[in-house]
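The values are calculated or read from the model by the stated rules, or taken from the named source; none is laboratory data. Note that the structure is predicted; figures quoted are calculated from it, not measured. Because the Cβ atoms are built from the backbone with ideal geometry, glycine has one as well, and the counts that use them run over all protein chains shown.
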């Protein structure tokens with residue numbers, strides 16, 4: 001009796017998983033032998049790779065602008081001050097430290113700002 005109950009519960013769980021997968025949409029295709037095969041739609045991320053690239057480019061431009069506006073010495077001093085703070089401030093200092101791309105952007109933006 002217990003074995004049949006376990007098989008029944010297993011079938012119910014499988015049906016529930018399929019129902020949850022199909023609730024987001026599905027597509028039906030007919031195979032050459034005439035059998036209809038129904039597959040759930042894949043869940044797509046709301047953030048595309050293109051958006052991530054734009055965010056990274058904007059962040060590098062922002063860092064370059066800060067370096068050019070504050071000057072390299074002042075910028076480095078502020079990053080060192082951040083590095084002496086809490087865990088969150090140290091993480092911010094790690095992210096905001098000068099990198100070659102930001103330095104290049106700052107060197108090219110600097111003459112325009114002055």
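Contact map, region 9-26: residues that are without any contact (Cβ under 8 Å) to a residue 40 or more places away in the chain paired with residues that are in a loop (DSSP other than H, G, I, E, B), Cβ distance under 8 Å, separation 6+ or inter-chain. Pairs shown: 24/41; 24/43; 25/41; 26/41. Residues in region 48-65 that are within 14 Å of the chain's Cα centre (by Cα) and either in contact (Cβ under 8 Å) with a residue 40 or more places away in the chain or more than 28 Å from residue 79 (Cβ to Cβ) (or both): 48, 49, 50. Somewhere in region 27-37, is a residue surrounded by 10 or more Cβ atoms within 10 Å (Cβ to Cβ) and either more than 30 Å from residue 104 (Cα to Cα) or out of contact with any helix residue (DSSP H, G or I) (no Cβ under 6 Å at 6 or more places or on another chain) (or both)? There is no residue in region 27-37 that is surrounded by 10 or more Cβ atoms within 10 Å (Cβ to Cβ) and either more than 30 Å from residue 104 (Cα to Cα) or out of contact with any helix residue (DSSP H, G or I) (no Cβ under 6 Å at 6 or more places or on another chain) (or both).
Residue-wise test of (1) in contact with a helix residue (DSSP H, G or I) (Cβ under 9 Å, 6 or more places away or on another chain); (2) at pLDDT 90 or above; (3) at positive phi; (4) not in a strand (DSSP E or B).
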residue: 11; (1), (2), (3), (4): no, yes, no, yes
residue: 14; (1), (2), (3), (4): no, yes, no, yes
residue: 17; (1), (2), (3), (4): no, yes, no, yes
residue: 53; (1), (2), (3), (4): no, yes, no, yes
residue: 56; (1), (2), (3), (4): no, yes, no, yes
residue: 95; (1), (2), (3), (4): yes, yes, no, yes
residue: 110; (1), (2), (3), (4): yes, no, no, yes
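Residue 69 - would you say it is out of contact with any strand residue (DSSP E or B) (no Cβ under 9 Å at 6 or more places or on another chain), at negative phi, surrounded by 14 or more Cβ atoms within 10 Å (Cβ to Cβ) and not in a helix (DSSP H, G or I)? So residue 69 fails the test.
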